[in-house]
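I have placed the structure first, in the form of structure tokens, so that the comments after it can refer back to it.
The values are calculated or read from the model by the stated rules, or taken from the named source; none is laboratory data. The shown structure was predicted, so the numbers you read here are calculated from the model rather than taken from an experiment. Note: accessible area is taken over every heavy atom of the protein model, side chains too, but ligands, DNA and RNA are not part of it. Shrake-Rupley method; radii C 1.70, N 1.55, O 1.52, S 1.80 Å.
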Amino acid sequence: MENSEKLIDQFLLPFDDRLTSLVQELRQFFKSKTKPKYELVGNSTISLNIGYGFTEKAWDCYCAIIVYSKHINLSFPSGAFISDPNNLLVGNGKRIRHIKIADYDDMTNPDILNLILEAKSAALAKFDDKNCEFKDVKTLVKPIKGIKKRL
């Protein structure tokens, strides 16, 4: 098992089996369906954050899986700037919006996939290289700056 996968497994230890399984299913969904260049993983005192994007910067992620002790949010770091005709996104901050994910079946909702793909397109629009089909996802595991690790 790759070192980053071992670290992610360690980060998932405090969570129950249901959340852990759902996180792994969501990770595979993002890698296979949205083809990011990077999977950024950060462990904080209150959550495990797994972002998907085209640079090593967290704010450049188009979407993220945020794992809390009892639930998972699908976070859109620039969610305030994408269209949401079905009002699925929750939040009223300047940038971030999210959707609570109860189980993997939520990811089969075409409206959620459309939001993810729109967020991905908006993120790609910032770059000169519009090639969004990456063969391998590079997983980077780092503690979030300024926040103590839970483990």
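Values for this structure:
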quantity: The chain: DSSP helices with Cα axial extent of at least 20 Å and average Kyte-Doolittle hydropathy no lower than -1.0; calculated: 110-124
quantity: Cross-link pairs K6/K138; K6/K126; K33/K100; K31/K57 - those with Cα-Cα distance over 25 Å; calculated: K6/K126
quantity: The chain: radius of gyration over Cα atoms, expressed as a fraction of 2.2 N^0.38 Å; calculated: 0.99
quantity: Long-range tail of P(r) for the range 1-40 (Cα pairs > 15 Å, %); calculated: 47 percent
quantity: Helical mean residue ellipticity (222 nm; -39500 (n - 2.57) per DSSP H run of 4+; nearest 500) of the chain; calculated: -8000 deg cm²/dmol
quantity: For the chain: accessible area per residue (Å², 1.4 Å); calculated: 57 Å²
